[in-house]
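Here's the structure we're looking at; comments come further down.
The values are calculated or read from the model by the stated rules, or taken from the named source; none is laboratory data. All figures in this text were calculated on a predicted structure; none of them were measured in a lab. Reconstructed Cβ throughout: ideal geometry from the backbone, glycine too, with neighbour counts over all protein chains shown.
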Amino acid sequence: MVEAPDRLAERLGRFDALAVAVSGGVDSMTLATFAHRLGRPSVMVIHAVSPAVPQEATERVRALATAEGWQSVVTGAGEFDDPRYRDNPANRCYFCKTNLYDRIRDLTPHVIASGANLDDLGDYRPGLLAAAERDVVHPFVEAEMTKADVRSLARRLGLADIAELAAQPCLASRVETGIAIDAADLAFVESTERRLAASADRGATLRCRITHDGVALELGDDALPRRAELEKIVTALCAESGRRFAGTRAYSRGSMFVRP
């Protein structure tokens, strides 16, 4: 049986050059590292910054780019200039990825690659439509690799810290559908989650959500032992910023999407 890394290498070997869209998460960072170390295709790494991208993700990309010797570009995707994105409809991700991939196409003629894996195909992912419209390729999907396979590959590449990164979708995913995306809200979410993470067990699942009822704290089972402490942090931060704390509830993936 052909192992996942061999399948991935075979799929990547079809290309002379790739532009890998790297968010700073485990999938895209692992893909960029693996493709770059192959030596062929030629790899350009593109990282887009915006109020929806955590600063630590950008710092992670810059650090690995230096360590690996990537040809990398940090750019703005421009999604905040798009009112369709800021209005935050259920398919907001479509407009985000539309702006991202169009920006990458302005920068390079290379085939664009994403870090999507097989598990992503089971989610509601409007961004995949934008990718399909722009002929973006998904090497992990083509190599039939799941999230677990990607983490395993990251460990084989010596990227132990990246392999253990928790899922961390963009900050706009914390905002309930229909609430306009606002840079100040995203900055609040980022700073709050950073404070929460510093007080929780390493890797604990927690989210600060902007909802129609106010700021909600979502905790996974691994964060519940520190619930009282975490609630106290969010309550104080809400009071400082004039926001309403809407309470704590169980973590639910994608809970801010209100689908048509």
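Residue-wise test of (1) out of contact with any helix residue (DSSP H, G or I) (no Cβ under 9 Å at 6 or more places or on another chain); (2) within 30 Å of ARG92 (Cα to Cα); (3) part of a helix (DSSP H, G or I); (4) in the same structural domain as LYS147 (by TED's automatic domain parsing).
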| position | (1), (2), (3), (4) |
| --- | --- |
| SER23 | no, yes, no, yes |
| THR30 | no, yes, yes, yes |
| ARG37 | no, no, yes, yes |
| HIS47 | no, yes, no, yes |
| VAL53 | no, yes, no, yes |
| ALA57 | yes, yes, yes, yes |
| VAL61 | no, yes, yes, yes |
Quick test for you: out of ALA172, ALA197, ALA166, pick the one residue that is part of a helix (DSSP H, G or I), modelled with pLDDT under 95 and surrounded by 13 or more Cβ atoms within 10 Å (Cβ to Cβ). ALA197
Log entry, pairs with first residue in region 117-139 being more than 15 Å from ASP27 (Cβ to Cβ) and assigned to a helix (DSSP H, G or I), second being modelled with pLDDT of 95 or more and of a type in the set (D, E, K, R), beta carbons closer than 8 Å, six or more apart or on different chains, reads ALA130/LYS97
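Rundown of residues vs (1) in contact with a helix residue (DSSP H, G or I) (Cβ under 7 Å, 6 or more places away or on another chain); (2) assigned by TED's automatic domain parsing to the domain that holds THR205, yes/no style:
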position: ALA132; (1), (2): no, no
position: PRO139; (1), (2): yes, no
position: ALA148; (1), (2): no, no
position: LEU157; (1), (2): yes, no
position: GLU176; (1), (2): no, yes
All positions within region 123-142 that are modelled with pLDDT under 95 and of a type in the set (Gly, Ala, Ser): GLY127
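Residues checked against (1) of a type in the set (Lys, Arg); (2) farther than 24 Å from ALA160 by Cβ; (3) in contact (Cβ under 8 Å) with a residue 24 or more places away in the chain:
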position: VAL74; (1), (2), (3): no, yes, yes
position: ASP87; (1), (2), (3): no, yes, yes
position: CYS96; (1), (2), (3): no, yes, yes
position: ASN99; (1), (2), (3): no, yes, no
position: ARG103; (1), (2), (3): yes, yes, yes
position: ILE112; (1), (2), (3): no, yes, yes
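With the structure loaded, tell me whether ALA113 is within 18 Å of VAL150 (Cα to Cα), in contact with a Pro (Cβ under 7 Å, 6 or more places away or on another chain) and either outside the structural domain of GLY158 (by TED's automatic domain parsing) or crowded, with 18+ Cβ neighbours inside 10 Å (or both) or whether it fails that test. It would help to see each step written out before you state the result.
Working: within 18 Å of VAL150 (Cα to Cα): yes; in contact with a Pro (Cβ under 7 Å, 6 or more places away or on another chain): yes; either outside the structural domain of GLY158 (by TED's automatic domain parsing) or crowded, with 18+ Cβ neighbours inside 10 Å (or both): yes.
Judged against the criteria, ALA113 is a match.
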I'd like to know if region 124-139 contains one or more residues that are of a type in the set (Val, Ile, Thr) and more than 22 Å from HIS212 (Cα to Cα). yes
State yes or no: is ALA148 surrounded by fewer than 18 Cβ atoms within 10 Å (Cβ to Cβ), assigned to a loop (DSSP other than H, G, I, E, B) and either under 15 Å from the mean Cα position of the chain (by Cα) or of a type in the set (A, V, I, L, M, F, W, C) (or both)? no
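Of the residues in region 200-233, how many are of a type in the set (Val, Ile, Thr) and either more than 21 Å from the chain's Cα centre (by Cα) or modelled with pLDDT under 95 (or both)? Outline the logic, then answer.
Of region 200-233, the ones of a type in the set (Val, Ile, Thr) are 205, 210-211, 215, 233.
The next check asks that each one be either more than 21 Å from the chain's Cα centre (by Cα) or modelled with pLDDT under 95 (or both); those that pass are 205, 215, 233.
Summing the residues that are of a type in the set (Val, Ile, Thr) and either more than 21 Å from the chain's Cα centre (by Cα) or modelled with pLDDT under 95 (or both) in region 200-233 gives 3.
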Search result, residues across region 6-32 that are farther than 20 Å from ALA130 by Cβ, touching a Leu at 6+ places or on another chain (Cβ under 7 Å) and crowded, with 24+ Cβ neighbours inside 10 Å: VAL26, MET29, THR30
If you take the residues of region 39-53 that are modelled with pLDDT under 95 and not small (Gly, Ala, Ser), which of them is surrounded by the fewest Cβ atoms within 10 Å (Cβ to Cβ)? ARG40
Quick check: is even one residue across region 71-81 part of a strand (DSSP E or B) and of a type in the set (Gly, Ala, Ser)? yes
State the number of residues belonging to region 116-141 that are within 16 Å of VAL20 (Cα to Cα) and surrounded by fewer than 17 Cβ atoms within 10 Å (Cβ to Cβ). 3
Can you give me the number of residues within region 193-215 that are within 14 Å of GLY247 (Cβ to Cβ) and touching a Cys at 6+ places or on another chain (Cβ under 6 Å)? 1
